[in-house]
Amino acid sequence: MRQNKQAKAGTEDFGALIEADGYYVDKTRFLRPLLTQTDDVALFTRPRRFGKTLTMSMLEEFLRIDPKSPGGSLRQQRLFKGLDVMDDRDLCNKFMGQFPVISITLKNVSGNNYREAIGMFAQSVSELAQDFDFLPGSQKLPSENKQILAILRSKQALLAEGDLSTLKTSISSLATMLYRHFGRKVAVLVDEYDVPLVKAQQNHYHKEMVELYAQFFGFLKKGNGTNPFFKTVMTGCLRVAKNQIFTGANNFTANTVLSPDGDFSSLFGFTPAEADAYLDAFGLLEYKAAVKEHYDGYRFGEDEIYNPWDVGKFVAEARKLADQGDRRKIWPGDYWTGSENTNTRAIKEYVSALSREDNQKLQDLSDGKEVEVAINDSMSYDRLDRRSARDMWSLLLHTGYVTAVREIRGAGQGGGSSENGEGNGIVRLETGPKYLVRIPNAEIRKCFCDSIMAGFDEDMRRDDANARVARALLCGDCAAAKELLQGLLRTYVSMRSLAMGRRPEFYYKSMLVALLSTRSGAEIDELHEQPDAGEGYADISFTSYEGDIAVVVELKFFGTKDALDDAVKAALRQIEDRKYAERFINSRRIRKVIAIGMAFCRKICEADCRILKDGAASAGE
């Protein structure tokens, strides 16, 4: 049954959503356990696009005191009318509209270097301080507080301090002022707390950012003086190791995608019942099965969870098409693609360091299988450069590319396995809890393949591997071509095959075509895959840009490397016997024709060439 609500996909401001009569999936039932059953500091980690910011906005609206009418709740009664929490009168009387709230998002704190990041940090803090426009005129603040406040409200003043002392203690300072002004303890909400650390790790100023963070979050430590804090709630994608920035934080609760605590497992994302109700509210329940296939499949605690961003985007676009009378075009789109965060870059960088076993696990995941992996539920960003497979699997899990099906009991801290990196002599010991994981749904499987595989093509372009392979083949230098291809195969064979299906020969041919088709200065012309040639179809043929050299390539795949030499010889014979190069040999303008046989066995390549024509023109074209 369709309701008179608006589909406001992607809205992260709770107040704006309600006031615009937008459809809201009611999560207010979690306010009681959040406010009364968690520790003084509560951290929630979920993948991007799982409604964390909207939930934090809802919490802020529920708690926030009205500076003009402290203790009043007229705004809250309007915004929360008809929602679950309004049935809990004791909770509403005690918490609704009763607390000053410091709410800050750190999602924009980034930079190519530490200096740029500090500038963005100062910008975020100054904008926060400016929100409290009633504090400069407060009669309850001493002059020294107002001097600090003036600095907090100015980005330039914050950056002018050489030791950044006011920036580092900004939350503590604001909380003290609000406590003095209202006489009530303060709630602190920090959204996307881990983004600055991700950016810092990627741009090589992680140590400096951790040192700043340790002081910025120093307010979490309980001192001997008056404590102005009532509750601190933080959200992010990954749980950072407590000893990095939260050292000394007392009464700390962390809830992650692996937490068994069922109180909050469906706080972020939609349960099947919530997703169905959303569809039904907009007359789209007939698409229930397709929506489930594309956006369901996550497991948080014991709950089955849909990606809320995807469901909301689908409903908004589908309702628009339905209103236009074009329901035939309604189908779930890939909305998560492109919304991946900067952790994706870190994941891609692991590919070149993975063992054969872990590469195979990536392949199995793409084929819809479940795989067993070791997981680190508390990340340390300065470890990422070590290329630990456990950290890569943890990134995939916490960023939403895979979901945990269940924990493997009996595979705890002592049950690690050794991992031998191919070709680099490095042995890594992977320990920690192990989980059975899988790709959650159809959309993420496509995104997994496309996004992670992008590293393959990016690296090829960056290294100009395509040009070097092409030049080696045009020169008939099979030894050089073989060396280049084996380097790529060692790095990318399993990842590239994710989108190539199950027939290995297609994968290798597609990889070589991808290398050659980009050209990138290699001066390849007339590249053809399976051209009609002689008495059959050659795998690949191409000519030089000038048109005077032609290359015909035949590829073979074998399950054992012992057969590769014979396979190369068979490939060369096939080119000659079936006359794949005949039209090039008979061409007046082509002076040189090269036949190349290649054979592959997973990450091993063998190749040889045979000159079929060299310098002499044949009779007629």
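So, restricting to strands (runs of 3 or more DSSP E) that lie completely within region 513-572, which ones have at least 3 residues that are at pLDDT below 85?
524-529
Among residues belonging to region 587-609 that are at pLDDT 90 or above and surrounded by fewer than 19 Cβ atoms within 10 Å (Cβ to Cβ), point out the one that is farthest from the chain's Cα centre (by Cα).
Top of the filtered list is Arg591.
Out of curiosity, is Phe246 surrounded by 14 or more Cβ atoms within 10 Å (Cβ to Cβ), within 15 Å of Leu43 (Cα to Cα), at pLDDT below 85 and not β-branched (Val, Ile, Thr)?
yes
It is to be established whether one or more residues within region 303-311 are hydrophobic (A, V, I, L, M, F, W, C), assigned to a strand (DSSP E or B), farther than 26 Å from Ile104 by Cα and within 20 Å of the chain's Cα centre (by Cα).
Yes, that holds for at least one residue.
Somewhere in region 257-264, is a residue in contact with an Asp or Glu (Cβ under 7 Å, 6 or more places away or on another chain), at pLDDT 90 or above, within 23 Å of Pro440 (Cα to Cα) and small (Gly, Ala, Ser)?
No: region 257-264 contains no residue that is in contact with an Asp or Glu (Cβ under 7 Å, 6 or more places away or on another chain), at pLDDT 90 or above, within 23 Å of Pro440 (Cα to Cα) and small (Gly, Ala, Ser).
Please tell me if Arg29 is of a type outside the set (A, V, I, L, M), outside any strand (DSSP E or B) and over 27 Å from the mean Cα position of the chain (by Cα).
So Arg29 passes the test.
Take Leu285 and decide whether it is at pLDDT 95 or above, closer than 29 Å to Pro100 by Cβ and not aromatic (Phe, Trp, Tyr).
no
Restricting to region 48-71, count the residues that are among the hydroxyl-bearing types (Ser, Thr, Tyr) and either out of contact with any strand residue (DSSP E or B) (no Cβ under 9 Å at 6 or more places or on another chain) or on the phi > 0 side of the Ramachandran plot (or both).
Residues flagged as among the hydroxyl-bearing types (Ser, Thr, Tyr) and either out of contact with any strand residue (DSSP E or B) (no Cβ under 9 Å at 6 or more places or on another chain) or on the phi > 0 side of the Ramachandran plot (or both) within region 48-71 amount to 1.
Please state which one of Leu178, Leu197, Leu164 is crowded, with 23+ Cβ neighbours inside 10 Å, over 26 Å from Met96 (Cβ atoms) and not aromatic (Phe, Trp, Tyr).
Leu197
Taking the criterion of being closer than 15 Å to Pro47 by Cβ and surrounded by fewer than 15 Cβ atoms within 10 Å (Cβ to Cβ), would at least one residue in region 315-337 satisfy it?
Looking for residues that are closer than 15 Å to Pro47 by Cβ and surrounded by fewer than 15 Cβ atoms within 10 Å (Cβ to Cβ), one finds at least one in region 315-337, hence yes.
Which of the residues that make up region 80-90 are surrounded by fewer than 17 Cβ atoms within 10 Å (Cβ to Cβ) and of a type outside the set (Gly, Ala, Ser)?
The answer is Lys81, Asp84, Met86, Asp87, Asp88, Arg89, Asp90.
Suppose the filter is in a loop (DSSP other than H, G, I, E, B) and on the phi > 0 side of the Ramachandran plot; does Gly283 pass it?
Criteria met by Gly283.
Against the condition closer than 20 Å to Phe229 by Cβ, touching a strand residue (DSSP E or B) at 6+ places or on another chain (Cβ under 8 Å) and of a type in the set (Phe, Trp, Tyr), how does Phe95 come out, does it pass?
no
State yes or no: is Asn93 within 30 Å of Leu197 (Cα to Cα) and surrounded by fewer than 18 Cβ atoms within 10 Å (Cβ to Cβ)?
When the stated conditions are applied, Asn93 does not pass them.
Confirm whether Ser124 is closer than 18 Å to Phe217 by Cα, surrounded by fewer than 21 Cβ atoms within 10 Å (Cβ to Cβ) and in contact with a strand residue (DSSP E or B) (Cβ under 9 Å, 6 or more places away or on another chain).
Spelling it out, Ser124 is indeed closer than 18 Å to Phe217 by Cα, surrounded by fewer than 21 Cβ atoms within 10 Å (Cβ to Cβ) and in contact with a strand residue (DSSP E or B) (Cβ under 9 Å, 6 or more places away or on another chain).
Could you name every one of the helices (runs of 4 or more DSSP H) located completely within region 32-119 that has at least 1 residues being without any contact (Cβ under 8 Å) to a residue 24 or more places away in the chain, of a type in the set (A, V, I, L, M) and outside the structural domain of Leu167 (by TED's automatic domain parsing)?
74-79
Could you figure out which of (1) surrounded by fewer than 21 Cβ atoms within 10 Å (Cβ to Cβ); (2) farther than 28 Å from Thr337 by Cα; (3) not hydrophobic (A, V, I, L, M, F, W, C) isn't true of Gln76?
(1)
The values are calculated or read from the model by the stated rules, or taken from the named source; none is laboratory data. Everything quoted here is computed from the prediction, not taken from an experiment. Ideal geometry is used to build each Cβ from the backbone, glycine not excepted, and the neighbour counts take in all protein chains shown.
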